[in-house]
1. Taking the Cα centre of segment 234-276 as the origin, how large is its charge dipole in debye, to the nearest 20, when only Lys and Arg (+1) and Asp and Glu (-1) carry charge on their Cβ atoms?
2. Less than 18 Å apart at the alpha-carbon level, and either on another chain or at least 8 residues along: which lysines does that give for Lys28?
3. Take every Cα pair under 8 Å in segment 166-302 that's 6+ residues apart, average their separations, divide by the length, and report that relative contact order as a whole percent.
4. Please give the contour-minus-distance gain from Gln46 to Ala162: 0.36 nm per residue of separation, less the Cα-Cα distance, rounded to one decimal in nm.
5. At a Cα cut-off below 23 Å, give the lysines reachable from Lys200, other chains included and same-chain residues fewer than 8 away excluded.
6. Multiplying the sequence separation of Asp61 and Arg26 by 0.36 nm and subtracting their Cα-Cα distance, what value in nm do you get?
7. Using a 7 Å offset from Cα along Cα-Cβ at Glu361, what residues in segment 290-330 end up with backbone N under 18 Å from the label point?
8. Kindly count the pairs of lysines across segment 221-377 whose alpha carbons are less than 22 Å apart, treating pairs on different chains or eight or more residues apart as eligible.
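Please treat every number below as a calculation from the coordinates, not as lab data. Predicted model only: the values in this text are computed from it and were never measured. Here the Cβ positions follow ideal geometry from the backbone for every residue, glycine too, while neighbour counts run over all protein chains shown.
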Amino acid sequence: MAKRDYYDILGVAKGASADELKKAYRQKAKQLHPDRNQDNPEAEAQFKEANEAYEVLKDADKKAAYDRYGHAAFEGGMGGGGGRPGGGDYSSAFSDVFEDLFGDFMGGGQRGGRQRASRGSDLRYNLRIELEEAYNGMQKAITVPTSVSCTSCEGTGAEGGAEPQNCPTCSGMGKVRAQQGFFTVERTCPTCSGVGQIIKNPCNSCGGAGREQKERSLSVNIPAGVETGTRIRLAGEGEAGLRGGPAGDLYIFIEVKEHPLFQRDGVDLFCRVPVSMTTAAIGGDVEVPTIDGGRSRVKVPAGSQSGRQMRLRSKGMPALRGGGQGDMFIELAVETPVNLTSKQKELLREFEKMSEENNPELSGFFKKVKSFWDGSN
């Protein structure tokens, strides 16, 4: 059977660039790799065919010979080398794109060799504060259990602060290669676990990690206007990095406690204020608290009903990072008197007889009820 054209095998035009050839080969290798096509007996042969095509076309001299003579360039000694192009070893072709294809499975997807000192983990701290503290803003002292750089070895992990040495197994690369069939497999070095370095004399204090567990005291600036869910980032205040690596970040998550008097909705505050039946009926003044610790006098209009709201402008919460201040809403709750004396009951009955025309909502409701009953009969 005549051999297929190498360009057709890779699915590219004859004038394709090196990047286009590599991209096409990467797609073919991923598609045809035998480990991913165990139910396709032809996949391995097609995979080898793609390897052979790329082995020739990625080499400028071989590509020029192939473009001029075709497959004959590698037959009968023509083109220098004879036999199968590339000598039957496709490991070099496959290794060109190996990490692109399988980097996520080998060594955690990291490219370019060893993993030296690694960054420390980010930390989360949940902080509960009072509504008044959220209104005013504050400096809050917190204690965070975390990993800090070891003082004995100065974060190197080696006794006396000595520098780690290159791993003899991988020569400091953090990865080792092994030949398996016609391609090369690259794995994380088992000696240094991918770090590329080893410590002959680990630090007695940290056991070679370069960090140790301690509690740190920090002062956190809580800006005015924070609310539940606000996140504050403290760069470099997280867990210390491994073997001298950079520290992670500390994230403060704010939770504002519920308040006995005020309910919050964004920058606005709501306060439910009970008023007597008499005050609601004839009007009057009530004194209400404000979040800043002060007080305001609110005029209750005559004939007010439960649920009526009145606005106190700019008496709410400050907007985070500036932008004005919210309002405070007073919601009236008309209270029915309880534990009446006989005299009070008598006066109320007399008042009720005299006030039949003073309850328009009540009268209107019963008119609708009567109409409903009449219509259903």
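1. Working: 4 positive and 7 negative charges, 23 e Å.
The calculated dipole for segment 234-276 is roughly 120 debye.
2. Lys3, Lys14, Lys48, Lys58
3. Details: 171 pairs, mean separation 16.8, N = 137.
Computed over segment 166-302, the figure is 12 percent.
4. 36.5 nm
5. Output for Lys200: Lys175.
6. Details: separation 35, 0.36 × 35 = 12.60 nm, distance 2.14 nm.
Using 0.36 nm per residue and subtracting the Cα-Cα distance, I get 10.5 nm.
7. Counting backbone N atoms under 18 Å from the label point, the list is 300-311, 330.
8. On the way: Lys257/Lys315; Lys299/Lys315; Lys343/Lys353; Lys345/Lys353; Lys353/Lys367; Lys353/Lys368; Lys353/Lys370.
For segment 221-377, the number of qualifying lysine pairs is 7.
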